[in-house]
Amino acid sequence: MPCPGRSVAAPGPLHELLLEGRLVVELAARRRGRLPAGTLNLGGCPAQAGTGLVIDALLKGGAETNSASALLSAGAIVWVSNNIAFSLLFWELESGGAAARAHRLPRHPDFAFPQQLNPDRAPAAWRPRFIDYLYLGFTNALAFSPTDTMPLVPWAKVAMAVQSLISLAILGLVVARAVNVFT
């Protein structure tokens, strides 16, 4: 599932697995009527392209991977970009999107935030905002698992699993290569 107008060489099975995960998320969300075709291309393509390029460079080697500082900088930018892209995905897809949640909170949300599970610990009429989804994206990428917000529906579980896999690939490969450059 390539990005429109972009040409990125697929680095192999890992990249294909990440693309398949993205496709499963898109199909699951579209099946529930929450996603027009191609919506994931808007925020996911630059992050996907960056991930593909970094993984490709790390697997094939080359001059650009011989500087630990440049490699760590590029890896950090790609990692943060992926987390922002997934945060936007969670924010847009959860319970019909931000506009739908602004009008009415769903009876059965796609994510269970701590404030929803413990209403006595939250302000009256609390609703998740983008910062809550940004926090969800970053904690999922760092812990490789849900931390305080639980996915309740299949698309959310698949999306979080794909994000964890991408994060693990980026962090694992970048750190391993950077350590190798130092030694």
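If you put +1 on each Lys and Arg Cβ and -1 on each Asp and Glu Cβ, how big is the dipole of region 102-167 around its Cα centre, in Debye rounded to 20? Dipole magnitude for region 102-167 comes out near 200 debye.
Averaged over residues, the count of other Cβ atoms within 10 Å places the peptides 126-136, 94-104 in the sequence 126-136, 94-104, highest first.
Here each label is just a point 7 Å from Cα along the line to Cβ, and for Ala125 and Ala176 those points are 5.2 nm apart. Database remark: amide H of Ala112 closer than 5 angstrom to the amide H of Met150, Leu152 (H placed geometrically; neighbours at sequence offset of 5 or more, or on other chains; Pro and chain starts carry no H). A simple spin-label model places the labels of Thr183 and Asp148 3.8 nm from each other, with each point 7 Å out along Cα-to-Cβ. At what distance in angstrom do the alpha carbon centres of region 134-183 and region 50-106 lie from each other? Between the Cα centres of region 134-183 and region 50-106 lies a distance of 10 Å.
In this simple spin-label model, placing a label point 7 Å from the Cα along the Cα-to-Cβ direction at both Ala99 and Ala70 gives a separation of 4.5 nm.
Under the convention that each Lys and Arg Cβ holds +1 and each Asp and Glu Cβ holds -1, the size of the dipole of region 45-143 around its Cα centre is about 340 debye.
Bear in mind that the values in this text are calculations on the coordinates, not laboratory data. What you see is a predicted model, and the numbers here were worked out from it, not measured in a lab. Every residue, glycine among them, receives a Cβ derived from its backbone with ideal geometry; neighbour counts consider all protein chains shown.
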